[in-house]
Amino acid sequence: MDQSKIGAYIAVKRKAQDLTQAQLAQKLGVSDKSVSKWERGVCLPDVSLFQDICGILGISINEFFAGEDIAREAVEEQSEKNILAILKDSVHRNSKLKKTIKSLVAALVLVVVAGGAIIVKNLNDNGYFDKNYVRSFAGTENEKVMNSLFSSLNRNYGVFEYSNDSGSKKVEIVAKEYMKGKFLRSKVCSTMQIRRGEGMIGVLLDSDKGEYMVSVGDSEGVGGMESAVENPVVANENKMTSVRFLQGTAFMEDGPIPIAAYYADAEGDSFSTVPAERILETNGKCLKESGVDYCLIITCEFK
């Protein structure tokens, strides 16, 4: 994200509201020096302040990230650009945070060996050290920002962080389709070269049109793809649908990790969703009794 452009935009909108830096700072509960740093492009506001700043300045979260006013017809295009920028920016932020955590834990172990061993085990179990994992952003400040970004769009989304401590060379995103309890086809959506360390994965799903976009990013860049499902069930306007995303943590050693699942019934009847992991295990056979006519599962695998 362009900090200088965002900072200049904050300054313009602040002045348009006839507010001084001190007045804006008071409304946000920060110092006027913080506002000055934002407007000079030295740093961005804390993520927890994004929505409050937008409300005070009378701008949308998309305009905030773009650093400029956005015409109504350009909102969707700008939203997709913003998520790519956030993915790349979040990689850098998460990398710095985890390096700090590792340093602090290492220092603590030297002082309190027994207590440090317990802390190391807990952090290791949650993927902070040498375990490769994919973890959802659900319940975090990042999720709140994403909610603001896509609240005006008819899209479901999931944003995840991953750790590639073992040094996998690439991540492969695959879409698997199931129809009437049988495996239909598999499609490699995207293959991206990655480096050791942290990265991000973003998924956008349009439940009405059957369109989806997947983005993968690490500290060196972001790549993505967009695709549409060509299936009569998805095309049926009267269908009933449901979308589910990965919750919690999944470890890469387990093979392909399902990050998103789309379920649809052609007649618009109610149905029971089946865990994506179970569908992969049974190759779709478990869908027979659930009432799901069509299922799309997006997985990621690190190789």
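Key figures for this structure:
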read-out	value
Single residue of segment 44-59 satisfying the filter (part of a loop (DSSP other than H, G, I, E, B) and free of Cβ contacts under 8 Å to residues at least 40 places away in the same chain) that is most open to solvent (accessible area, probe 1.4 Å)	ASP46
Filtered residues of segment 19-43 (kept if of a type outside the set (A, V, I, L, M, F, W, C) and not in a helix (DSSP H, G or I))	THR20, GLY29, SER31, ARG40, GLY41
Output for segment 28-44, where each listed residue is among the small types (Gly, Ala, Ser) and under 13 Å from ARG14 (Cα atoms)	SER36
Residue match in segment 222-234 (condition: under 19 Å from THR273 (Cα atoms) and either open to solvent by 20 Å² or more (accessible area, probe 1.4 Å) or modelled with pLDDT under 85 (or both))	no
Selection within segment 249-270 - within 28 Å of ASN236 (Cα to Cα) and out of contact with any helix residue (DSSP H, G or I) (no Cβ under 9 Å at 6 or more places or on another chain)	GLU267, GLY268, ASP269, SER270
Qualifying residues in segment 175-199 (those that are open to solvent by 50 Å² or more (accessible area, probe 1.4 Å) and of a type in the set (A, V, I, L, M)) - the one nearest to PHE137 (Cα to Cα)	VAL188
Members of segment 24-43 found to be open to solvent by less than 80 Å² (accessible area, probe 1.4 Å) and in contact with a helix residue (DSSP H, G or I) (Cβ under 7 Å, 6 or more places away or on another chain), listed by number	LEU24, ALA25, LEU28, SER31, ASP32, SER34, VAL35, SER36, TRP38, GLU39, GLY41, CYS43
Residue tally, condition open to solvent by less than 30 Å² (accessible area, probe 1.4 Å), under 25 Å from the mean Cα position of the chain (by Cα) and in contact (Cβ under 8 Å) with a residue 24 or more places away in the chain, over segment 244-288	14
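The values are calculated or read from the model by the stated rules, or taken from the named source; none is laboratory data. Quick caveat: nothing in here was measured; it's all calculated off a predicted structure. Reconstructed Cβ throughout: ideal geometry from the backbone, glycine too, with neighbour counts over all protein chains shown. Accessible surface is based on the protein model in full, side chains and every heavy atom, while ligands, DNA and RNA are left aside. Shrake-Rupley method; radii C 1.70, N 1.55, O 1.52, S 1.80 Å.
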